[in-house]
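Peer 1: Below you will find the structure I want to go over with you.
The values are calculated or read from the model by the stated rules, or taken from the named source; none is laboratory data. Bear in mind that the values here come from a model prediction, so they are computed numbers and not experimental data. Because the Cβ atoms are built from the backbone with ideal geometry, glycine has one as well, and the counts that use them run over all protein chains shown.
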Amino acid sequence: MKDIKEHGGNIYKYDIKYDFSANINPLGITENIKNALINSLDLCDKYPEPYSEKLVSAIAECKKISDKKIVCGNGASDLIYRIISYFKPEKSLIFEPSFSEYEKALRESESECEVIKYYLSPEKNFIADESFLDLLDESIDMLIIGNPNNPTGLTLNPELMERVSKKCIENDIYFLCDECFIDFIRNSEKVSAYRFINKNMIILKAFTKIYAMAGIRLGYAVFGDENIAEKIKTTGQCWSVSVPAQYAGITALKETDYIENTIRLIESERRFLTKNIKKLGIKVFKSEVNFILCYSDFEVYEMLKSEKIAVRNCENFDGLNKKFFRIAVRSNEENIILIDALRRCLNG
């Protein structure tokens, strides 16, 4: 396991003016969500609902899911640790490169989990193929996949996802599917694992990215099995979701126009960034979401610091090195600033 030096968004230790390292909605937090946070302050002298009952009901109504299958947490990462702590898998399978907290949580489990890795290849544009199905045998207790994956920005082919879900049932493998970035995709239901959900599946979602609420910390999980959801609900710390977070989440679910505006912006600006970064001689990998994985012979991450710009150094992703970097899709004005800075760094 590579050392997790830092995640994206850690701008506090550097003199950074433009942050492209964290994959947050460039439209920012909405006025309605801000007002919900402000209005919740009068209730902050009281404990929050222990299991976020009102928020769970709002999610269930919005997503057309039984409220008995939903568990909220202090961000998606909180739920990753709680779920793994509950199941205590002895042998798990993950993709690499992927979100480093998967492996960290597995290795910190009481079961001292053995982590098997399926490496996504840059030569194949980081696209997973059916070869990894052979690894899903009876020895595997848990599979964790990002859909879309971070840092590659790609979803699993739906036909392959269906085969994965069936194989997990056949071999009694618990399948944690992280869909925290899927709301940036138009018609996301077509590529969501929810189409194939079964009793062994758990789908992870977050308000962090799509609603620009990274500092609020709010996520939830949808379980195929209500009994497992009930057991996970009682794990971890009490009152894991604060009063402001619960109020912000309930309000965010009503911001449908905001989501459509976000998708439209991301589609347009991702094309703009891809086209112009390629012109600079940088390898740009295909992405479906609000960030792009790139490769350069130069250490772009370090070079951009002098421009007060942060991109995600991908050196600590297993399977990548310091010549890979990830760029968040921001506003057109910010994206132009990034492209101009890259041009100066690379061409002098």
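Peer 1: Can you pull out every residue in the range 127-146 that is assigned to a loop (DSSP other than H, G, I, E, B), closer than 19 Å to Met161 by Cβ and not small (Gly, Ala, Ser)? Spell out how you get there, then give the answer.
Peer 2: Here is the first cut: in the range 127-146, the ones assigned to a loop (DSSP other than H, G, I, E, B) are 127-129, 136-141.
When the remaining residues are screened for being closer than 19 Å to Met161 by Cβ, the result is 127-129, 136-137, 140.
Selection gives Ile127, Asp129, Leu136, Asp137, Ile140.
Peer 1: Would you please name the residue that is surrounded by the fewest Cβ atoms within 10 Å (Cβ to Cβ), looking only at residues in the range 153-170 that are in contact (Cβ under 8 Å) with a residue 40 or more places away in the chain and out of contact with any strand residue (DSSP E or B) (no Cβ under 8 Å at 6 or more places or on another chain)?
Peer 2: Initial filter on the range 153-170 (in contact (Cβ under 8 Å) with a residue 40 or more places away in the chain): 153-155.
From what's left, out of contact with any strand residue (DSSP E or B) (no Cβ under 8 Å at 6 or more places or on another chain): 154-155.
Working: Leu154: 22, Thr155: 25.
Looking at residues that are in contact (Cβ under 8 Å) with a residue 40 or more places away in the chain and out of contact with any strand residue (DSSP E or B) (no Cβ under 8 Å at 6 or more places or on another chain), I get Leu154.
Peer 1: Can you tell me which condition Glu230 does not meet? The list is (1) assigned by TED's automatic domain parsing to the domain that holds Tyr47; (2) surrounded by fewer than 19 Cβ atoms within 10 Å (Cβ to Cβ); (3) in a loop (DSSP other than H, G, I, E, B); (4) at pLDDT 95 or above, and all the others hold.
Peer 2: With (1) assigned by TED's automatic domain parsing to the domain that holds Tyr47; (2) surrounded by fewer than 19 Cβ atoms within 10 Å (Cβ to Cβ); (3) in a loop (DSSP other than H, G, I, E, B); (4) at pLDDT 95 or above applied to Glu230, the lone miss is (3).
Peer 1: Can you pull out the helices (runs of 4 or more DSSP H) entirely within the range 7-95 that have at least 2 residues that are under 18 Å from the mean Cα position of the chain (by Cα)?
Peer 2: 76-87
Peer 1: Kindly indicate the residue of the range 129-146 that is at pLDDT 95 or above and small (Gly, Ala, Ser) and also nearest to Ile202 (Cα to Cα) among those meeting that condition.
Peer 2: Selected residue: Gly146.
Peer 1: Now for a different question. Of the conditions (1) in contact (Cβ under 8 Å) with a residue 12 or more places away in the chain; (2) under 22 Å from Lys167 (Cβ atoms); (3) surrounded by fewer than 21 Cβ atoms within 10 Å (Cβ to Cβ), Lys124 satisfies every one except a single condition; which number is it?
Peer 2: Lys124 satisfies every listed condition except (1).
Peer 1: Go through (1) crowded, with 16+ Cβ neighbours inside 10 Å; (2) more than 15 Å from Lys17 (Cα to Cα); (3) free of Cβ contacts under 8 Å to residues at least 60 places away in the same chain for Tyr301 and report which single condition fails.
Peer 2: With (1) crowded, with 16+ Cβ neighbours inside 10 Å; (2) more than 15 Å from Lys17 (Cα to Cα); (3) free of Cβ contacts under 8 Å to residues at least 60 places away in the same chain applied to Tyr301, the lone miss is (2).
Peer 1: Restricting attention to the range 78-89, which residues are surrounded by fewer than 22 Cβ atoms within 10 Å (Cβ to Cβ) and over 12 Å from Lys231 (Cβ atoms)?
Peer 2: Hits for the range 78-89 are Asp78, Tyr81, Lys88.
Peer 1: Criterion first (of a type in the set (A, V, I, L, M, F, W, C) and either in a loop (DSSP other than H, G, I, E, B) or touching a Pro at 6+ places or on another chain (Cβ under 6 Å) (or both)) does Ile210 satisfy it?
Peer 2: Against the criterion (of a type in the set (A, V, I, L, M, F, W, C) and either in a loop (DSSP other than H, G, I, E, B) or touching a Pro at 6+ places or on another chain (Cβ under 6 Å) (or both)), Ile210 qualifies.
Peer 1: Under 7 Å between Cβ atoms, at least 6 apart or on separate chains: pull out the pairs that start in the range 50-69 with a residue that is in contact (Cβ under 8 Å) with a residue 12 or more places away in the chain and end on any residue that is small (Gly, Ala, Ser) and part of a helix (DSSP H, G or I).
Peer 2: Once the first residue is in contact (Cβ under 8 Å) with a residue 12 or more places away in the chain and sits in the range 50-69, its partners that are small (Gly, Ala, Ser) and part of a helix (DSSP H, G or I) give Leu55/Gly249; Ser66/Ala60; Lys68/Ala229; Lys69/Ala229.
Peer 1: Does Ala214 satisfy the condition of being under 20 Å from the mean Cα position of the chain (by Cα), of a type in the set (Gly, Ala, Ser) and under 30 Å from Lys323 (Cβ atoms)?
Peer 2: Against the criterion (under 20 Å from the mean Cα position of the chain (by Cα), of a type in the set (Gly, Ala, Ser) and under 30 Å from Lys323 (Cβ atoms)), Ala214 qualifies.
Peer 1: Out of the residues in the range 165-207 that are part of a loop (DSSP other than H, G, I, E, B) and among the charged types (D, E, K, R), which is farthest from the chain's Cα centre (by Cα)?
Peer 2: Asp172
Each row is one residue, and each column tells you yes or no for (1) under 30 Å from Pro48 (Cα atoms); (2) outside the structural domain of Lys88 (by TED's automatic domain parsing); (3) more than 18 Å from the chain's Cα centre (by Cα).
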| position | (1), (2), (3) |
| --- | --- |
| Ser242 | yes, no, yes |
| Glu260 | no, yes, yes |
| Asn276 | no, yes, yes |
| Ser296 | no, yes, yes |
| Lys305 | no, yes, yes |
| Val311 | no, yes, no |
| Phe317 | no, yes, no |
| Ala328 | no, yes, no |
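Peer 1: Moving on. Mind telling me which of the residues Glu61, Glu49 ends up being exposed (fewer than 15 other Cβ atoms within 10 Å of the Cβ) and either touching a Lys or Arg at 6+ places or on another chain (Cβ under 8 Å) or not assigned by TED's automatic domain parsing to the domain that holds Asn290 (or both)?
Peer 2: Of the residues listed, the single one that is exposed (fewer than 15 other Cβ atoms within 10 Å of the Cβ) and either touching a Lys or Arg at 6+ places or on another chain (Cβ under 8 Å) or not assigned by TED's automatic domain parsing to the domain that holds Asn290 (or both) is Glu61.
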